[in-house]
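Take a look at the structure below.
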Amino acid sequence: MIRSITYGGVLCLLAVQPADLFAQSNPNGSRLDPYAPGTDPRVLRANRERAVAKVGPESRDFVETYGEEAVAAIFKCSKAVAVKLVQLHNSGEMGKLPKPRDLLRVIGQPRHGDDVAIWAVHHVGELADMDSFAAYLSSPLEYALGLKQLAAGAAEARARRLNPSTMTTTPGAAPLAANGKLGLALVVIAIVGILLWRRRKSEIC
């Protein structure tokens, strides 16, 4: 039994490993990690050149400045939107964001691409605020598709940043936990009492 489980685990590992390695070096992968062990520098250079070729020579500084994060964003976006990202960088506006690489990394994730990128381009002034930026990166599609308002999300992010202890526990959670423990203790006492009563009754009979 143990031998069959071990054999099955090895097969699963072999089946998963190539996909993981591909995602590490492929700019279209869901987990791009330019510093992952085994990433071939030649592959990274080839991907950068492909990204520049897609957008045009004006994207060279953008790609070389932000590296694999820029490559991932470019490949996840249409050419028109990728050009807007390059223009945002060349204008100096992208450099005003708290963490431009993090934004590009989010744009490069599956199902994000154009929607997340174009909203960020149009609201770059708002995203220069640390809390607004953090809120947007936490759930970009919800803001990009108008499901949430950035001002509200920024207020929540600011509250978490200024009062982290108040966000770790839900209000009223401690009393509920205490009441739950008390109720469990009462149930245990009741069960023990019933068992003792039955045992004593059987001894009397």
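The values are calculated or read from the model by the stated rules, or taken from the named source; none is laboratory data. Source: prediction; values computed, not measured. When we count neighbours, we look across all protein chains shown, and the Cβ atoms used for this are built from the backbone with ideal geometry, even at glycine.
What to note about this one:
- Contacts under 9 angstrom Cβ, first residue in the stretch 181-205 being on the phi > 0 side of the Ramachandran plot, partner modelled with pLDDT under 75, 6 or more apart: none
- Residues being of a type in the set (A, V, I, L, M, F, W, C) and not in a helix (DSSP H, G or I) - total across the stretch 49-98: 2
- Matching residues, the stretch 57-73, being free of Cβ contacts under 8 Å to residues at least 40 places away in the same chain and not aromatic (Phe, Trp, Tyr): Pro57, Glu58, Ser59, Arg60, Asp61, Val63, Glu64, Thr65, Gly67, Glu69, Ala70
- Counting residues in the stretch 167-184 that are at pLDDT 80 or above, in a helix (DSSP H, G or I) and of a type in the set (A, V, I, L, M) gives zero.
- Checked against the criterion of being modelled with pLDDT of 95 or more and in a helix (DSSP H, G or I), the candidates Glu126, Glu203 yield just one match: Glu126.
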